[in-house]
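This report refers to the structure that appears directly beneath it.
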Amino acid sequence: MKKTFIFTVILIMLFSWSCTKQLELEPHKIYYDNFYQSEQDAVSAINATYSLLTYVNQYNSYLWLIQDVGSDDCNARESLNDPNIHQFNDYNLQSTNTYLQGIWQGSYLGISRANIVLQKVPDIKMDSTKKAQILGEARFLRGLFYFNLVRLFGDVPLVLTPISSDLTDEEVYLKRTDKSLVYDQIIEDFTLAAQGCPKAYYQSTEKGRATKGAALGMLAKTQLTLKQWDQAASTCNQVMDLGVYDLWADYTDNFKDARRNGKESVFAAQFYKGETSQNNQIVISGLPFVQGVFNAGVEIMLPTEDLLNSFEEGDYRKEATFFDHYWYDTFDPHIYKHWDQDAYDAEETAQCGSNFDVMRYSEVLLMYAEALNEASGPTSEAYTAINQVRARARNGNPDVLPDLQGLSQDDFRTAVLHERRMEFVNEGIRWYDLVRTGKLIEYVKRAKGDKANPQTFNYVFPIPQRELDNNHNLTQNPNYQ
Amino acid sequence: MKKRRLFVIMACLFAGFQLFSQQRTITGTVTDNSDGSTLPGVAILAKGTTNGTITDINGKYSLSVDESVKVLVFSFMGMRAEEREIGSLSMVNVRMENDNIGLDEVVVIGYGSVKRSDLTGAVSSVNMDDLKEMPATSFDKKLQGRVSGVQVTTLSGQPGGATSVKIRGGNSIMAGNEPLYVIDGILMESQQNFSWIGGPAENGLSSINPNDIESMEILKDASATAIYGARGANGVVIITTKKGKKGKDKITFSAYVGMQQKASSVDVMDATQYAKLYDEAGYNADPEEYTPLYPDPESLGEGTDWQKEIFRKAPIRNYQLSFSGGNEKTTYSVSGDYFSQEGIIVGSDFTRYSFRVSLDRQVNAKLKLGTSVGYNKTISNTVPTDTPGGFFPGVVNTALTFNPVLPVYDADGNFTLTDPNADAWLDNPVAVTRIVDAVSNINRVLGNIYLEYEFIKDLKFRTSLAGDIYHQTQDMYTPRTVYSGSFNGGQARFATTDLQTILAENTLSYNKKFGDIHQINAVVGFTFQNNKSRSFIDIATNFPNDVLGYYGIENAEDFPSIYASNAESAIVSYLGRVNYNLKEKYLLTVTGRVDGSSRFGSNNRYAFFPSVALAWRLIQEDFIKESGVFSDLKLRVSYGKSGNDRISDYAYIRTIGGTTYFFNGGSPASGFAPQVPGNDNLKWETTNQFDVGMDMGFLDSRISLTTDYYYKKTVDLLYNSEIPYTTGYPVYLENIGSMKNSGVEFSLRTANLVNAFKWNTDFNISFNRNQILDLGGKTLYVNNDTYKLKIGTWSVIQEGEQMGSFYGLEADGIWQLDQAAEAAIYGNEPGDFKYIDQNHDGVIDANDRKIIGHALPKFFWGLNNTFSYRNLTLDVFIQGQHGNQILNSNRFEMESGNGLSNASTDMLDRWTPDNPSNEYARANRNADYLKMSDRYLEDGSYVRIKLITLSYNLPTKWMSALKIDNARFYVTGENLLTFTKYTGFDPEVSRFGFDNTRMGYDYGGYPSAKSYIIGVIMNF
């Protein structure tokens, strides 16, 4: 009996010993500590950073939507059941605003992924040109995310490395960094990006990655925002000298899938047709809801009278931007310029895969004109640049949109701002332009009357309440609660 | 119970052997009152003599008694003793009652069992036989109100929908608060199966047939739960399924059919009223430019009653046939069951087919082995509820808010898609219930085999292997004729989930009595468990047509999302327990378990969970016995630890997930990035529990009272803390704090009348207080940014407060005309919502929020009264809970006044200059209504007449004629009446299911039905 007993005990012990090994169950996936070993891993890491661009809280919707509704271009549809978007219309902005929180979240997620690339990729053994390119792309994307953040929120925490595995208080409770230092970093990122990224990509599956021109274009825009006029003009000049960009003869070619990443596109967020999570909401956000025709039309933003009336007589861009009827249905003017009717039937508009251009070459020309004018008055190069954009907008009709000439510096300044507005409706730049030029209060009141009441403190938006709730070192912008 | 069976066998051997024979003979039959079956082996004694007999195998007896004998005493183990005056009768039939508090009853406690009188821990038992007239899709629903300290809440009225069970309050913020279920030795976490097809979460336990269950034991204190180590902290429910009994073969047939309907309505505006509101709102927002949409509202009449269109009367039915029996060496049981319930919302139902076999064999004196295997298949059609719109338009919400002016069908006979003049993202609820096809199928096999070998007397080795194989598919097709399918050319979803659990256990137990003084009952063991899970979800859009539904998936053009997951975990455990009994008076239990779990980093792989308990059976002390007050008295004290390891596999690792980006509109470029920050120091939560309890019996146990006080402190709480987005992650999983639960429980059982007319009462009541002690100084804000109802933070978790604290503004009525100037400071006009400016800074904002209510009840209770007279029994069961609040978030939209969705009829009393309402705001298209405030909090207390059952046992004399042993007919009404101030459909509601951080939220939940059934149970 004793023998059996001992035998059993030994059996149990043996069994248990062999089982402890079962505890070390490795994940069925790759994980952070064993990844980032090969060139392919490096490419995956940068691709994951790009993927943020098509998030709904980035260029899929929020980043341009608040520019439209927050500026003199558009009103949010009154019956839209979403107080958060109406806050931009009325300038009654709350720290709990979900659009601002989304943009903040998406931007910092993108920054953290760029930071991973910048920390991990230098140690990967791989082709050095490819490595430089990937690091350049990461610099470009980080610069882009910070450029958006600093313009929307002012001083923001500047994070340049990924968090450690034990997550220290220093990594969590960040203070806001003075915006001049944030801008210094953005300029450094775009400058280094311009060195690492190639002029162009020749493989079609690579088109859409950051290029030298994209980095320089964004650098010029940063300099323009900082009113560094000489540097901005010279950077624009570098873009023009690259010899890869030109205007499409037809303005609407910019919004055709067949022309995506074409000669006028400096940098674009890349969307895909038919893929729900990668669909661009820009078309349905502007389209009316018409049962049986535009079932997906949400008509979030509707153009203001002020915008509709601002177009010069015969400006081709007006008919390319708005429509007020479709077959037998008529309605108030709605924005439809991003709807490529060659590629999408009315019922397919919800699956829009058209790119969103973050910067087009016409903007480089207009930035060049603006920078020259600000630096030394309307020079002939400045006139050439702005008139090149106007000429295309005639769409072959010689009787409209005459070339500009003989303007004072101030009139030229007004003319450039006007030209930018006509050229870039619904392209996510208007609110920035109004803030940059100090025209926000005047122009918004002009377009919206008493409904909107922007004030000086609205030149930056409130820091999201969620961030304040979770980070005691963060402070709110003045006059926001 | 086992002892009782043994006794039956022995008794049978003596049956028919008469002891004495005198002047007259009394005969009769003894039956079990609960099911009418005859009872063999009941002892019958002529009171005041030693003259007695025992019933035979058919429950019949014959006893000759002296003329002087007036009373016969009937006694049977586990049953309450009965006395009958015989007068001049020659036939005395007796029905005996179960005596659940029987001290000799055996209680299963995990890796063993003890006599109830020897228990040192807080353990409650539920005999499923007592609850068999209650219709239920799963056994957990039957626990509601029956056991002290156990709070059961129906989370959704969808047939097969989830139920929450909490034992002594919730210990954990996010690691789950549901108990561990041990079904015939298989340890399983309660599941709440996520619905990929828009329905409410399904109850994983509904794939187990409640009719197969014999009994449930609920382990509450640390003395009882520590043997389950890292999984025991939330309490344990041990489930024993039915097994064959020695004796003659028995066939049981039971069946019921019934009808269900919705128990309450919510009043909303008709078409005329709504049209007026719509235009008034438009006008108030922009008096100069607004053109009315409905110039002649009266002409619209009542319009469509959307609630009427989606609710229906629905049948419920259940049939079960079982065979059982056995001899000295072998026992068996085989059963088959069919259950079918249609939901009270069109398009929802639940059907279950179950089969079960169990077999036990005593091979020789030393060796015993056996098996039991059950197969269940469930099919459940679901409708989306608890969701706000979009791809899963919740039909209860849309039935309340959809425009009543619109008809169900448009002029062409197609379903109206949506309301273009309102919030265009609402779907026609009738279209969704009727033509969206969503079905879930589950196939589940649960089984085990065991072998027991007695090495030497009192030393037993047991080894067992158990498995749980679970396969679920969820399919859905949304055709283009409903709005949510109209802009992507039809949408299909396919989801499959496979779960597999294997558990091996080896235990060695020793049970020995040394004279009359010492008794030891000890067990040691080693167990190993492995869990695997796999799931795959595919979404397809753009179908050429709607003809094939989801079967046409290969014709779809696009596959926008595909997910797959695969995970595995393992636990190894060493356990031991010693029960020491000194002189039947002093009892000591020492328990310990070491658990190693793969879910945690190697820094924290193993933990030890000990407990100790003492009990003193005061009734054995002479001074108590002699006082004559008590028929039983026991004092129990216990202290120990148990754990909670419910966290997803691999949670401690910084895992990498895939992303996709399409360069140049072309083929997908895959990307990889970390998804969670990871944390190497993650470990389980530990609950330290102190319990002191007293078991008392009075008047020969006609009154018995159990009362317990407990104090639980849970430390190392697991929580996904919100961290700033600047880290690149939204949340960080860590062990951050501690929480306490303390409370008292009472359980009272009385036999009020015991003669021919019997009246028994069971009452239990439980009070629990929850408090968060430490969160590392953090405050956790609970957000709820849904698709549509973006109310932001609405609940808060902070130190010193309880879980489920609602957080928001304090409403202060409506701004009135004479307050226009003050209102203007806040940017409001008369007729707008008014809130208290807590910090008096002239703005209503986030800084004016405070804790405004609580989702946890102060106490809950259950009261059952059983009346029986001859063959008739009436059960009346009432339960309730008090002191909790519910966030009725349907009212955000229904009382917004913006006219963009239908409103509650309360809004007929809305503010106008002529009707200065202080409750309902004015109509205003631009109303700023999405502010969380206490105006939407309502008292969730309720008292519910949960169950009334009237049953009738066919008289014994008819049975033999019908060739049946017994038959019982009954009628039952469930959820007959609810007394509550809550204005939503049902105070038992929780949009976020088990989620302990988001309790008490109602947003279009599936309401519970009221039902009436008739049934029969027959034994052959």
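Check which residues have an amide H placed less than 5 Å from residue B:731's amide H, if you skip close sequence neighbours.
Counting only residues 5 or more places away or on other chains, the set is B:723.
For residue A:158, what is the net charge nearby, where nearby means another residue's Cβ is under 12 Å from its Cβ and Lys, Arg count +1, Asp, Glu -1?
Net charge in that neighbourhood comes out at -1.
Would you list which aspartates and glutamates come within 16 Å of residue B:262, measuring only between C-alpha atoms, while excluding same-chain residues fewer than 8 positions from it?
Output for residue B:262: B:305, B:309, B:342, B:349, B:974, B:986, B:988.
Where the only charges are on Cβ atoms (+1 Lys, Arg; -1 Asp, Glu), what is the dipole of the protein assembly as shown about its Cα centre, to the nearest 20 debye?
For the protein assembly as shown, the charge dipole is close to 8660 debye.
For the range B:777-818, rounded, prolate or oblate, judged on the Cα gyration tensor with a ≥ b ≥ c (square roots of eigenvalues), a/c < 1.5 rounded, else prolate if a/b > b/c?
oblate
Apply the Kirkwood formula to the range A:326-449: the hydrodynamic radius equals the inverse of the mean of 1/r over all pairs of different alpha-carbon atoms; give it in Å with one decimal.
16.7
If we count every other residue with Cβ under 13 angstrom of residue B:498's Cβ, Lys/Arg +1 and Asp/Glu -1, where does the sum land?
+1
If r is the Cβ-Cβ distance from residue A:166 to residue A:380 and R0 is 41 Å, what FRET efficiency results, to the nearest 0.05?
Calculated transfer efficiency: 0.10.
Report the full-extension gain for the segment residue B:836 to residue B:514: residue separation times 0.36 nm, less the Cα-Cα distance, to one decimal in nm.
108.6 nm
Taking the radius of gyration and the Kirkwood hydrodynamic radius from Cα positions alone, what is the Rg/Rh ratio for the range B:902-995, to two decimal places?
Across the range B:902-995, the Cα-based Rg/Rh ratio is 1.34.
How many nm is it between the label spots at residue A:188 and residue B:532, if each spot is 7 Å from the Cα in line with the beta carbon?
Spacing of the two 7 Å Cα→Cβ label points: 5.1 nm.
Under the classification rounded if a/c is under 1.5, otherwise prolate if a/b is larger than b/c and oblate if not, where does the range B:775-927 fall, given a ≥ b ≥ c as square roots of the Cα gyration tensor eigenvalues?
It comes out oblate by the Cα gyration axes.
Check residue B:657: other-chain or 5+ apart residues with amide H under 5 Å from its amide H, H built from backbone geometry?
B:673, B:675
I need the P(r) histogram for chain B: all alpha carbon pairs, bin width 20 Å from 0 out to the longest distance, whole percents.
12, 40, 34, 12, 2, 0
Taking θ = phi - 60°, what integer Hz values does the Karplus form 6.51 cos²θ - 1.76 cosθ + 1.60 yield along the range B:451-457, in sequence order, with x for Gly and Pro?
Karplus-based 3J(HN,Hα) across the range B:451-457 equals 9, 10, 9, 9, 4, 10, 4 Hz.
Rank the residues A:166, A:340 as a footprinting-exposure proxy: fewest other Cβ atoms within 10 Å of their Cβ go first.
So the ranking, lowest neighbour count to highest, is A:166, A:340.
Could you list A:121, A:239 in order of exposure, starting from the residue whose Cβ has the fewest other Cβ atoms within 10 Å?
Fewest-to-most Cβ neighbours within 10 Å comes out as A:121, A:239.
Under 17 Å from a point 7 Å along the Cα-to-Cβ line of residue A:33: which residues of the range B:662-690 have their amide N that close?
From the range B:662-690, the list is B:674-683.
Could you state the angle between the C-alpha long axis of helix B:271-285 and the longest principal axis of the C-alpha atoms of chain B, as a value from 0 to 90 degrees rounded to the nearest 10?
50
Kirkwood Rh over Cα pairs of the range B:640-690 into Stokes-Einstein at 4 °C, 1.567 mPa s: D in µm²/s?
92
For an R0 of 41 angstrom, estimate the FRET efficiency from the Cβ-Cβ distance between residue B:66 and residue B:870 and round to the nearest 0.05.
After rounding to 0.05, the efficiency reads 0.90.
Please work out the C-alpha center-to-center distance from the range B:676-716 to the range A:405-440 and express it in whole Å.
Using only Cα atoms, the two centres lie 70 Å from each other.
Where the only charges are on Cβ atoms (+1 Lys, Arg; -1 Asp, Glu), what is the dipole of the range B:141-209 about its Cα centre, to the nearest 20 debye?
Roughly 300 debye for the range B:141-209.
I'd like the distance between the alpha-carbon centres of the range A:187-254 and the range A:127-143, rounded to an integer number of Å.
15
Can you find, among A:144, A:79, A:104, the residue sitting farthest towards the positive end of the charge dipole of the range A:64-177, where Lys and Arg contribute +1 and Asp and Glu -1 at Cβ?
Selected residue: A:144.
What lysines does residue A:120 reach when the alpha-carbon gap must be under 20 Å and sequence neighbours fewer than 8 apart in one chain are set aside?
Within the straight-line cut-off, residue A:120 pairs with A:29, A:130, A:131.
Charges on Cβ only, +1 for Lys and Arg, -1 for Asp and Glu, centred on the Cα centroid of the range A:224-280; of A:233, A:245, A:279, which one is farthest towards the dipole's positive end?
Projecting each Cα onto the dipole axis, the largest value belongs to A:279.
What net charge is computed for the residues neighbouring residue B:882, neighbours being all others with C-beta under 14 Å from the C-beta of residue B:882, Lys and Arg scored +1, Asp and Glu -1?
Here the count lands on +1.
What residue among B:500, B:950, B:1017 has its Cα farthest toward the positive end of the dipole of chain B, where the charges are +1 on Lys, Arg and -1 on Asp, Glu, each on the Cβ?
Checking the options against the dipole of chain B, the answer is B:1017.
For a quick check: sort A:305, A:313, B:82 by the number of other beta carbons within 10 angstrom, fewest at the front.
Fewest-to-most ranking of A:305, A:313, B:82: A:313, A:305, B:82.
Can you compute 3J(HN,Hα) from phi for each residue in the range B:614-625, using the Karplus curve 6.51 cos²θ - 1.76 cosθ + 1.60 with θ = phi - 60°, rounded to whole Hz and x for Gly and Pro?
Once θ is set to phi - 60°, the couplings for the range B:614-625 become 10, 9, 10, 7, 4, 5, 7, 7, 4, 5, 7, 4 Hz.
What does a probe at residue B:90 reach in the range B:950-969, counting residues whose amide N is under 20 Å from the point 7 Å along Cα→Cβ?
Once the point is set 7 Å along Cα→Cβ of residue B:90, B:956-958 turn out to lie under 20 Å by backbone N, inside the range B:950-969.
From the helices alone, meaning DSSP H stretches of at least four residues, give me the mean residue ellipticity at 222 nm for the protein assembly as shown, per-run term -39500 (n - 2.57), in deg cm²/dmol to the nearest 500.
Dividing the helical sum by the residues of the protein assembly as shown leaves -6000 deg cm²/dmol.
Pairs to check: A:445/B:834; A:207/A:273; B:740/B:981. Give those whose C-alpha atoms are more than 21 Å from each other in this structure.
Cα-Cα > 21 Å for A:445/B:834; B:740/B:981; rest within.
Using only the alpha carbons of the protein assembly as shown, determine the length spanned along each of the three principal axes and report them from longest to shortest in whole angstroms.
Dimensions of the protein assembly as shown along the principal axes of its Cα atoms: 138, 80, 62 Å.
Please give every one of the lysines within straight-line cross-link reach of residue B:457, meaning a C-alpha to C-alpha distance under 21 Å, and leave out same-chain neighbours fewer than 8 residues apart.
A:2, A:3, B:2, B:3, B:115, B:329, B:366, B:368, B:512, B:513
³J(HN,Hα) across the range B:411-420 via Karplus (A = 6.51, B = -1.76, C = 1.60, θ = phi - 60°), whole Hz, x for Gly/Pro?
4, 8, x, 8, 4, 4, 6, 7, 9, x
With angles folded into 0 to 90 degrees, how steeply does helix B:2-14 sit against the dominant principal axis of chain B? Use alpha carbons for both and round to 10.
The angle comes out near 30 degrees.
If you take the beta carbon distance between residue A:446 and residue B:979 as r and set R0 to 45 Å, what does 1/(1 + (r/R0)^6) give as a FRET efficiency, to the nearest 0.05?
That pair, residue A:446 with residue B:979, gives E of 0.15.
Between residue A:180 and residue B:648, what is the label-to-label distance in nm when each label sits 7 Å out along the Cα-to-Cβ direction?
4.6
With only Lys, Arg, Asp and Glu charged, each at its Cβ (+1 for the first two, -1 for the last two), find how big the charge dipole of chain B is about the Cα centre; round to the nearest 20 debye.
6000
Only the coordinates and a few stated rules stand behind these numbers; no lab work does. Quick caveat, the model's predicted, so the values are computed rather than measured. Ideal geometry is used to build each Cβ from the backbone, glycine not excepted, and the neighbour counts take in all protein chains shown.
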